[in-house]
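Report on the following structure.
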Amino acid sequence: MTKILMTSVRDDEQAAIKQFAQEHDVEIITTPKLIDDAVDLTAGVDGLVIQQRSPVDPAVYPQLKANGLKQIATRTAGFDMVDIQAAHDNGLTVTNVPAYSPRSVAEHALMQIFRLLRKSYRFDTQVASGDFRWFSDEQALEIHTATIGIIGVGRIGGTLAKLLKALGARVLGFDVQPREEMRGIVDYVSKEDLLKQSDVVSLHVDLNPSSTGLLTAADFALMKPTAGLVNASRGPVVVTADLVAALKDHQLAAAALDTFEGENEVVMTDRREKGLADVPLVEELHAMDNVILTPHIAFFTNLAVKNMVDFALEDVLLILDGKPSPHEIK
C-alpha cells in the first residue's frame, strides 16, 4: 500500500485526509511538525506533502533523496518556502496547489474592502473604548460608487473582480498578462493609474522576484489620502516600513493585511503575554488604529481546506505513478 507523509497537519484537515485515504486506498501518516523536524519520518514512505511558510532546511533535500523520495507536494499556492533548484538537484519534483477555492481569498478580500469603505476599523476602536459617537469624516462610500483596483487579476483577483462587478463597483485591474476574458469586467490600466484612481487597492499576486517590494513609498504617494489597501497575497509584496510611514503621514487612510512582513514569527503563536517587541514592524502595525490585521486566514474555509488536501495528494499519486502533474513547478 502506498504510504504518504503529511507534515504541519492541523486538526481541521484530518477529515479530508481520512476521506482521501479511504477513497484511494492509501496510508497517510500525519504530523504537526514541519518537515525540517520530521525528515526522519520519510524513511519508508513513498510520498510527501508539506505546508509551511518558513524556508525548508537545505539539509532536508539530500535526506529525502537518500530515503528514496521522488517528489514534494506543498498544499499551498505559494511555494517560495521550497528551494526549487535544490529540490531538482536531488531528483525531487515539486508541485503546489494554485487553484484551491479562489472564492475563499476573494471573499475575504471583499469583506475587507467593505470594512475599509465603511471605516469599520474606526468604529471598532471607538466603541471598544466606550465612545459611541460618529463624525463627519467617517461617512462611508457605497460600493457601487467606489473604484476598486486589483493588482494581479488571476484566479483569485479575477474572482474578486466578478464579485465586485456584480455589486456595481468600478473595477480597475493591473496585470503583466491581462486576460482577455476579463475585459468588460475589469478595465485594465497601468499600475500608476490604478493607484491614483482607486478607493481601495487589493493585492492578488504570487511572490516572485518581480513582485517582491511591488508597493513602495513612491506608490503610496500616488494613492488618494482617503484610499485603503488590502493585502491577501504575500507579505513581502509590500515594503512594510514604507506602508507604516504612509499611514502615519496620512498618504492613505487605512490597510487590511492578512499577509505582512514578519508574519512567520507571529502567525499561529499566542502573543498575549510575550508581546511583539521582537517583531517591531508587526508591533507597529498592531498598534495602529487604522490597520486591520488577520493571521493569514483568507484561505481558511471548508472548501479551500478540502481542495488543498485533495489536490496535493492527487499530485503525489500522479507522480508516483509516473505521470505528469499539471501543478509541477519547473
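Overview of values
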read-out	value
Rounded accessible area of Met1 (nearest 10 Å², 1.4 Å probe)	140 Å²
Gyration tensor (alpha-carbon) shape descriptor, region 102-293, a/c threshold 1.5	oblate
10 Å Cβ shell holding at most 13 others, DSSP loop, GluC sites (Glu not before Pro): longest site-free stretch of the chain	1-141
Near-label residues of region 138-161 by backbone N, under 11 Å of a point 7 Å along Cα→Cβ of Val189	147-150
Alpha-carbon centroid distance for the pair region 1-44 / region 158-178, whole angstrom	38 Å
From phi via Karplus (6.51, -1.76, 1.60), per-residue ³J(HN,Hα) for region 51-59 in Hz, x at Gly/Pro	7, 6, 9, 7, x, 5, 4, x, 5
Surface/4 of the Cα convex hull for region 1-143, nm²	12.6 nm²
Residues with amide H under 5 Å from that of Thr93, placed H, sequence gap 5 or more	Gln71, Ile72
Percentage relative contact order, region 209-330, counting C-alpha pairs under 8 Å, at least six apart	21 percent
Region 102-293 - percent relative contact order, Cα under 8 Å, separation 6 or more	19 percent
Amide hydrogen neighbours beyond the local backbone of Tyr188, cut-off 5 Å, H modeled	Gly173
Phi to ³J(HN,Hα) by Karplus 6.51 cos²θ - 1.76 cosθ + 1.60 over region 103-119, Hz, x for Gly, Pro	5, 4, 6, 4, 5, 4, 4, 4, 4, 5, 4, 4, 5, 6, 5, 8, 6
Most fluctuating residue given options Gln112, Gln251, Gln63, as computed from a GNM of the chain linking Cα atoms under 10 Å	Gln63
Residue-averaged 222 nm ellipticity for the chain, from DSSP H runs of 4+ at -39500 (n - 2.57), nearest 500	-10000 deg cm²/dmol
Asp124-Ala66 FRET efficiency (beta carbon distance; Förster radius 45 Å; 0.05 resolution)	0.30
Amide H partners (placed H, <5 Å) of Thr76, local residues excluded	Val97
Accessible area of Phe135 in the full protein assembly, 1.4 Å probe (Å², nearest 10)	80 Å²
Listed residue pairs exceeding 26 Å between alpha carbons, taken from Lys18/Lys162; Lys119/Lys274; Lys18/Lys323; Lys18/Lys274; Lys196/Lys330; Lys191/Lys330	Lys18/Lys162; Lys119/Lys274; Lys18/Lys274; Lys196/Lys330; Lys191/Lys330
For the chain, share of DSSP beta bridges that run antiparallel, in % to the nearest 5	5 percent
Karplus-derived 3J(HN,Hα), 6.51/-1.76/1.60, for each residue of region 14-20, Hz, glycine and proline x	5, 4, 5, 5, 4, 4, 5
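The values are calculated or read from the model by the stated rules, or taken from the named source; none is laboratory data. Worth saying up front: this structure is predicted, and the values here are computed from it rather than measured. Using ideal geometry, Cβ is built from the backbone for each residue, glycine included, and neighbour counts are taken over all protein chains shown. To get the accessible areas, we keep the full protein, side chains included, count just its heavy atoms, and leave off ligands, DNA and RNA. Shrake-Rupley method; radii C 1.70, N 1.55, O 1.52, S 1.80 Å.
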